[in-house]
Amino acid sequence: MGTFVHFSQLCPSCDYSRKWESQPVAGSTPLGNLQMSAAIYFTGGSFSQVEKVCRAMNLQVFQSDTFRRHARMFLEPAINHKWKRDQQVLMERLRVRAAWRWRADEGGPAGTVREAGQLHPDAPEQQQRHRHPAHSGLSRKLKKLAKSKECLLVRRWLPSIRNHVYWSATTSTSAPEKVAKWKSLVNHIQNVHTHDDPLFPTCAHPNRVSVDPSKWFQPDSVALHKLKKLLLNKRILADVGKLSHDHQASSLERFHRLVCHFAPKNVAFPFVGVLCRLYLAAMHFNEDAERHKERSSEVTAEPQQSEPKPKYVSELMKLLFEEVFKEPSTYVDELKRIPVPADLSPV
């Protein structure tokens, strides 16, 4: 039955018998099948692609009808419940923060309270922002430089350089400060963390840096010379100074990419399916935002080694098997209370 196999053994001579099952079964549902469906759905995977891989390897797998039944009965109710619960926690945090600011201002207006970088139901549509042409050009030139043999180290630093652009902008209040922080990168990549500019005399990260020389650029290297020429280009410095410290398009673009991953436009989903996939994209985005906030007070431009495992997937798995699967009706009813708009009439 899909990934599940059951053996019954009987000895005709002595009537000895035993049974063996490859995975636990609850009712009529093999839990390994459900776990596989959940892993595919929660990570934004495609069942049809997984099915093709399994068929190519002659691995038994359940049918798409089973995957859809799992989604309808268990997975989507779990996603919806976790989203609603997460939003309640977020809104409570915003309420406490607003109250704290109100008290701090002695009863004055709390202003616009916003949980930085996170998505919630009442958040207004983020305004469209543009990126400077020179910034986009720098990214292309850095990628090209990273392909040359003597500049392979640049490739390891690309994510950090990209992050440093936005960090320089969002942690500064003036154009000179943004430029000073941006220029400090040239020292940092050489493992030098003090700078001549009084606007940013030392790196903001803790004094925990690697002593491995292979991670840093050497002062007289060709790679450093070429990278420095790109980073300190006059046009780039001028554009860095103009970057907004309040609004950066990077987070919006990142969320749009996540939406395309979880709900690709070339696949037709029902309304609830699209909604749940948008919830997953937002959970992924919010977790990244929290991780970014935790790192922001200890900013460092060290190369990123690996992508951390999404915590929300583990939480969804726990919710699925410890709560939803045991009593699905409550969660299914909660999902059914979502108003589904009528289909669009053909033009």
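The values are calculated or read from the model by the stated rules, or taken from the named source; none is laboratory data. Bear in mind the structure is a predicted one, so any value in this text is a computation, not a measurement. Here Cβ is always computed from backbone atoms with ideal geometry, including for glycine, and neighbour counts include all displayed protein chains. What goes into the accessible areas is simple: the full protein's heavy atoms, side chains included, and nothing from ligands, DNA or RNA. Shrake-Rupley method; radii C 1.70, N 1.55, O 1.52, S 1.80 Å.
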Take the Cβ-Cβ distance between ALA238 and VAL96 as r, set R0 to 56 Å, and report the resulting FRET efficiency rounded to the nearest 0.05.
0.85
Around GLN190, which amide H atoms from residues at least 5 apart in sequence, or from another chain, sit under 5 Å from its own amide H, with H modelled in the peptide plane?
PHE217
Tell me which residues come under 5 Å, amide H to amide H, from VAL5 once H is placed; ignore anything under 5 positions away on its chain.
SER22, GLN23
Using the Cα gyration tensor of the range 19-86, with a ≥ b ≥ c the square roots of its eigenvalues, what is the shape: rounded (a/c below 1.5), prolate (a/b larger than b/c) or oblate (neither)?
oblate
The range 1-33 and the range 178-223 have their Cα centres apart by a whole-number Å value of 62 Å
If I take R0 = 51 Å and measure r between the Cβ atoms of TRP20 and LYS336 in this structure, what FRET efficiency does the formula 1/(1 + (r/R0)^6) give, to the nearest 0.05?
0.85
Keeping all protein chains in place and using 1.4 angstrom, which order do VAL89, VAL61, VAL211 fall into by accessible surface area, from largest down?
VAL211, VAL89, VAL61
In a shell of Cβ-Cβ distance under 13 Å around GLY44, excluding GLY44 itself, what net charge do Lys and Arg (+1) and Asp and Glu (-1) give?
+2
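Local charge sum around LEU59 (other residues, Cβ-Cβ under 15 Å, Lys/Arg +1, Asp/Glu -1)?
+1
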If VAL96, VAL274, VAL186 are ordered by their accessible area, calculated over protein heavy atoms with a 1.4 Å probe, which sequence runs from highest to lowest?
VAL96, VAL274, VAL186
For the range 132-214: rounded, prolate or oblate by the Cα gyration tensor [a/c cutoff 1.5]:
oblate
For a 29 Å ceiling on Cα separation, which of these pairs sit above it: LYS178/LYS229; LYS144/LYS181; LYS19/LYS52?
LYS19/LYS52
